[in-house]
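All remarks here apply to the structure that follows.
The values are calculated or read from the model by the stated rules, or taken from the named source; none is laboratory data. As the structure is a computational prediction, the values presented were derived from the model and not from experiment. Note that each Cβ is placed from the backbone with ideal geometry, even for glycine, and that neighbours are counted across all protein chains shown. For accessibility, only protein heavy atoms count, side chains too; no ligands or nucleic acids. Shrake-Rupley method; radii C 1.70, N 1.55, O 1.52, S 1.80 Å.
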Amino acid sequence: MDRKNHDPNSKLIAENRRARFDYFIEDDLECGIILQGSEVKSLRQGGANIAESYASVENGELWLINGYIAPYLQAKTWGHEERRRRKLLVSKKELSKLWAATSKDGMTLVPLRMYFNARGMVKLKIGIAKGKKNHDKRETSAKRDWDRQKRRLLKEQG
């Protein structure tokens, strides 16, 4: 039985649905994120967008760049900057793997999902991805349309 459905703390905050259309996802990795208190409260209300964001390895640290977290209205004086760079937490071994993939193999680090885990901590799932060309995107779109049409036909038949 899936525990995520029954746990009141685990909750999807934001999802980058376009990532699987724009990139071939080779591997994914769960990492923590350093947040301020007003950011966590805003995320509990569901105010986030990771569609235009990406992750980058800089100076031996992993950063989420251009991730949007809506302002928390009750934190007027001590609020947070909406699109600030946020540090991501991974082990040194995983960090070296990510650095090697981006620098040597020409891969990109794309945020896939942001969610609260079972303990109520904010986690970010990052995909190690390679960009698709336009013909690959058309092929993906055609396959998705065919699968949708096939399901519709099977539903009508039986």
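Surface composition of the stretch 62-158: carbon and sulfur atoms hold 53% of the protein heavy-atom accessible area at a 1.4 Å probe. Report summary: the helix-based calculation at 222 nm, which adds -39500 (n - 2.57) for every DSSP H run with n ≥ 4 and divides by the residues of the chain, gives -9500 deg cm²/dmol. In a simple Cβ point-charge model (Lys, Arg +1; Asp, Glu -1; nothing else charged), the stretch 24-158 has a dipole of about 360 debye relative to its Cα centre. Solvent-accessible area per residue in the chain equals 67 Å², computed with a 1.4 angstrom probe and all protein chains kept. Other residues whose C-beta falls under 12 angstrom from the C-beta of Gln157 contribute a net charge of +3, scoring Lys and Arg +1 and Asp and Glu -1. Residues in the stretch 136-148 carry Karplus couplings, in order, of 5, 5, 5, 5, 4, 5, 5, 5, 5, 5, 5, 4, 5 Hz; the curve used is 6.51 cos²θ - 1.76 cosθ + 1.60 with θ = phi - 60°, and Gly or Pro positions show x. Across the options Gly131, Ala142, Ile65, the greatest Cα extent toward the positive end of the charge dipole of the stretch 48-158 (unit charges at beta carbon of Lys, Arg, Asp, Glu) belongs to Ala142.
Computed over neighbours whose Cβ is under 14 Å from that of Tyr68, the net charge equals -1, Lys and Arg +1, Asp and Glu -1. Output the pairs from Lys97/Lys133; Lys104/Lys137; Lys92/Lys130; Lys125/Lys150; Lys123/Lys155 with a Cα-Cα distance over 27 Å in this structure; if there are none, say none. Lys125/Lys150; Lys123/Lys155, as the Cα separations exceed 27 Å there. Working from Cα pairs under 8 Å separated by at least six residues, relative contact order for the chain is 32 percent.
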